[in-house]
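A.B. asks: Sharing a structure below in structure tokens format, with a few things to ask.
The values are calculated or read from the model by the stated rules, or taken from the named source; none is laboratory data. None of the values given here were measured: they were computed from a predicted structure. Cβ atoms come from the backbone with ideal geometry, glycine included; neighbour counts cover every protein chain shown. Ligands, DNA and RNA are excluded from the accessible area calculation, which covers all protein heavy atoms including side chains. Shrake-Rupley method; radii C 1.70, N 1.55, O 1.52, S 1.80 Å.
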Amino acid sequence: MTTRDFGLTETQRDIRAMAADFVDAEIAPHAREWDRAEAVDPGVVQRLGELGFLGLTLPERYGGVEADFLSYALVTEELGRGDSAVRGIVSVSLGLVTKTIAAHGSEAQRAEWIPRLASGEALGCFALTEPGTGSDAGSLSTRATRDGGDWIIDGAKMFITNGTVADVALTFARTGEDGITAFLVPTGAPGLTATPVHGKLGLRGQATAELAFEGVRVPDSARLGETGRGLGIALGALSRGRVSVAAGAVGLAQGALDAAVRYATQREQFGRPVASFQLVQELLADSEVDIRAARLLTHQVARMADAGMSPKQYATDASIAKYHASEAAVRVSNNCLQTFGGYGFIDEYPAGKYLRDARVLTLYEGTSQVQKLIIGRALTGLDAMT
């Protein structure tokens, strides 16, 4: 048993092994190609569905796989090790969208969307961030106005993962004096357009878009949860999602360290492997410590969820895990590039991609600065964000 497996059940180890085999065979060999093409092979989504990875933790009656939250974290860690762009597809479609439908949707909404999303037949996107609204989600300006039994949505969303390939957009809009409300908007609805965002620093294989809502009409049956309760739904989804991002960051960092160790033990300078030099071993040792700490923090939050705690109850712990793991991924991938030296600076080698992909993990689903403020608020009882 390795240190990565300590404390895991046999079922959890089996799920991790299945995910690792899939990553090694069907993701890692293509990661550089997808990064260059700025597109992941759509067939990967179908395979993710076939393996049950898009249905983890969801009820079997809707086509899900009733695994625990820790198993989900183990799978996202392995996907992050192979290609963070693929991990992001799963984290958003399953972690932010499908799980939110399972938690807050009506029976009709669950029956309509969860089987399709869990199988990979459909993908979801999480339409919260706007061109002028990032960390301050409560000030979003997209509006939904009642018109008889329907709602008409107008506004724009930015940096939406899966935005050009999703079939449903979990959309958050201001509904008058009632605050913010969540809606399940089919992406084929008239008036909804998706414009791809190109030229990203990292996660190039992952579809990212700007969404424009121009008089998009949806029935009241598309409303997810109660009117005016959307912000709470969004924040709960983000607390769950931060565990997934943390796990993906651990996987990315592990991939970077594995690559650095392989290179350092094979590359020779001054007549011996560069791994034999003290300062190179320092880079590798610092990376190992960072990864182990991040993994333990992430597994702790997953176990809190499995013990029945709500996203609100483990929100601070999720912020701690996400903050440490994402920053650790940047440090580890930077150490990886330093170990590769000049070869790390060209994309024939993986070091540069690890660093580019890691950098965004400190920005989305709450920047590192926002995570610190959440942690600080829990310690002091004082809110520095208002």
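A.B. asks: Could you check, for region 260-268, whether at least one of its residues is more than 23 Å from the chain's Cα centre (by Cα), at positive phi and among the small types (Gly, Ala, Ser)?
C.D. replies: no
A.B. asks: Just to be sure, is residue 219 of a type outside the set (Gly, Ala, Ser) and over 21 Å from the mean Cα position of the chain (by Cα)?
C.D. replies: So residue 219 passes the test.
A.B. asks: How many residues, within region 268-290, are under 16 Å from residue 342 (Cβ atoms) and either touching a residue at least 40 places away in the same chain (Cβ under 8 Å) or among the β-branched types (Val, Ile, Thr) (or both)?
C.D. replies: 3
A.B. asks: With the requirement that a residue be acidic (Asp, Glu) and open to solvent by less than 50 Å² (accessible area, probe 1.4 Å), what does region 266-308 give you?
C.D. replies: 290
A.B. asks: State which residue pairs qualify: first residue part of a loop (DSSP other than H, G, I, E, B) and modelled with pLDDT under 95 and inside region 300-311, second residue of a type in the set (Gly, Ala, Ser) and open to solvent by less than 60 Å² (accessible area, probe 1.4 Å) in any location, beta carbons under 8 Å apart, and separation of 6 or more residues or different chains.
C.D. replies: Filtered contacts from region 300-311: 310/236; 311/236; 311/237; 311/239; 311/305; 311/318.
A.B. asks: I've got another one for you. Filter region 181-201 down to the residues that are open to solvent by 10 Å² or more (accessible area, probe 1.4 Å) and either under 13 Å from residue 142 (Cβ atoms) or of a type outside the set (A, V, I, L, M, F, W, C) (or both) and list them by number.
C.D. replies: Listed by number, the residues that qualify are 186, 187, 188, 190, 191, 192, 193, 195, 196, 198, 199, 200.
A.B. asks: Tell me whether region 230-249 contains one or more residues that are closer than 26 Å to residue 85 by Cα, open to solvent by 40 Å² or more (accessible area, probe 1.4 Å) and in contact (Cβ under 8 Å) with a residue 40 or more places away in the chain.
C.D. replies: yes
Conditions tested, residue by residue: (1) touching a residue at least 40 places away in the same chain (Cβ under 8 Å); (2) outside any helix (DSSP H, G or I); (3) of a type in the set (Gly, Ala, Ser).
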site: 328; (1), (2), (3): yes, no, yes
site: 371; (1), (2), (3): yes, no, no
site: 375; (1), (2), (3): yes, no, no
site: 379; (1), (2), (3): no, no, no
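A.B. asks: Let me spell it out: the conditions are (1) at pLDDT below 95; (2) touching a strand residue (DSSP E or B) at 6+ places or on another chain (Cβ under 6 Å), and residue 238 meets all of them except one. Which number is the exception?
C.D. replies: Going through the list (1) at pLDDT below 95; (2) touching a strand residue (DSSP E or B) at 6+ places or on another chain (Cβ under 6 Å), residue 238 breaks only (2).
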